[in-house]
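Heads up, the thing below is written out as structure tokens.
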Amino acid sequence: MDRADLMLARERFLNSNNATLAIIGGVAKPRAMRVLRQLLGPWRKSEQIIPTTFRQPNPPDARTLIVNVPGQGVEVRLAVRGIARSDPDFHASAVLAKLAQHRWQGMTPELATQPVFARSEAHVLPGAFVMGAATNSQTAVDTVTNAKKVLESLMNTPATPAELERAKTEAVNEVAVFNAKPENAPDPWLDVETYRLKEIQDHMGLLRSVTASDLQRVANRLFKSATPASIVAGDSMQLKPALQGRLEFEVLGEVATPAPSSRPQAKPAGNVNPR
């Protein structure tokens, strides 16, 4: 792609709608504004934010998708549609993700020594509630199956006081680490602009105020009517026999072989020699 193509792509897909710029440091405002006009002045807003061809995606396939990635390792991902950043349940969903990770690890001992996560990814539009882990072909089925069991448990089994406290503490600590970095200082103000929030939010206080009933309510909201999309990335030659008979699956890029016909083959036409 040459420079002209890049410029056309920028004009088509990148526009200044909802853009907010933060400047930190000893910069004179008149000079900063002059430079910004030179650099960003020609950057036009989009005439139409939502394309006329836009439509909601189809519900995900219930089958697990195998993506062939040669090697010994296997990566598992499950996701359902999440919530928007401006949603009142944003902080509860963040704590819910921590609880999901802990239950997944408790239900699948192999994950105790493997990279594993669960997170609620929120944006201007509803994002995704994602669970992921590194495993191997022998334990991939249990990892996927237990992740789905965790989603069920979040709806049906309230968090214990110990579970709730652990999940909230980890969520609060993540925010504290993020806030301690100087480059993240403008984020509370940028969030107000980007996500159209009413005011700067006290993330730590809102996380600490989440209750067990909040988690169960949000879990039912997210998972009750949703079909999780599941992906297993690894060597398909090892994964197919491991999943066969235990999980319904499809292989990316692989065309299913049609079932053999049960009709008997016709005999070739020809003269029959009389005896």
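What follows is calculated from the coordinates using simple rules that are stated; it is not laboratory data. Note that the structure is predicted; figures quoted are calculated from it, not measured. So basically every Cβ, Gly included, is an ideal-geometry build from the backbone, and we count neighbours across all protein chains shown.
For residue 125, neighbours were defined as the other residues whose beta-carbon sits under 13 Å from its Cβ, and their charges (Lys and Arg +1, Asp and Glu -1) total +1.
Electrostatic tally near residue 16: other residues with Cβ closer than 10 Å to its Cβ, Lys and Arg +1, Asp and Glu -1, net +2.
Only Lys, Arg, Asp and Glu count, each charged at its Cβ (+1, +1, -1, -1), so figure out the dipole size of the range 64-251 about its Cα centre, rounded to 20 debye. Working shown, then result.
Values: 19 positive and 21 negative charges, 86 e Å.
Taking the Cα centre of the range 64-251 as origin, the dipole is about 420 debye.
Size check on the range 36-119: the Cα extents along the three principal axes, sorted descending, read 56, 34, 31 Å. Taking H as built 1.01 Å from N, whose amide H comes closer than 5 Å to the amide H of residue 66, not counting residues under 5 places away? Result for residue 66 returns 232, 250, 251, 252. For the range 29-117, trypsin sites (Lys or Arg not before Pro) are listed when DSSP marks them as loop and at most 16 other Cβ atoms sit within 10 Å of their Cβ; the list is 44, 45, 55, 63.
What order, most packed first, do the peptides 198-210, 145-157 have when packing is the mean number of other Cβ atoms within 10 Å of each residue? Walk me through the numbers before you get to the answer.
Details: 198-210: 14.7, 145-157: 17.7.
The densest-packed peptide leads the list: 145-157, 198-210.
The radius of gyration of the Cα set in the range 64-251, together with its Dmax, comes out at 17.7, 54 angstrom.
If R₀ is 41 angstrom, what is the calculated FRET efficiency for the pair residue 246 and residue 40, using the beta carbon separation as r and rounding to 0.05? Could the numbers behind the result be given before it?
On the way: r = 55 Å, r/R0 = 1.33.
The value I calculate is 0.15.
Cβ-to-Cβ counts within 10 Å put 83, 23 in ascending order as 23, 83, the fewest first. Near residue 141: Cβ cut-off under 12 Å, other residues only, Lys/Arg at +1 and Asp/Glu at -1. The net charge is 0. For the pair residue 65 and residue 16, label points projected 7 Å from Cα toward Cβ lie 3.7 nm apart.
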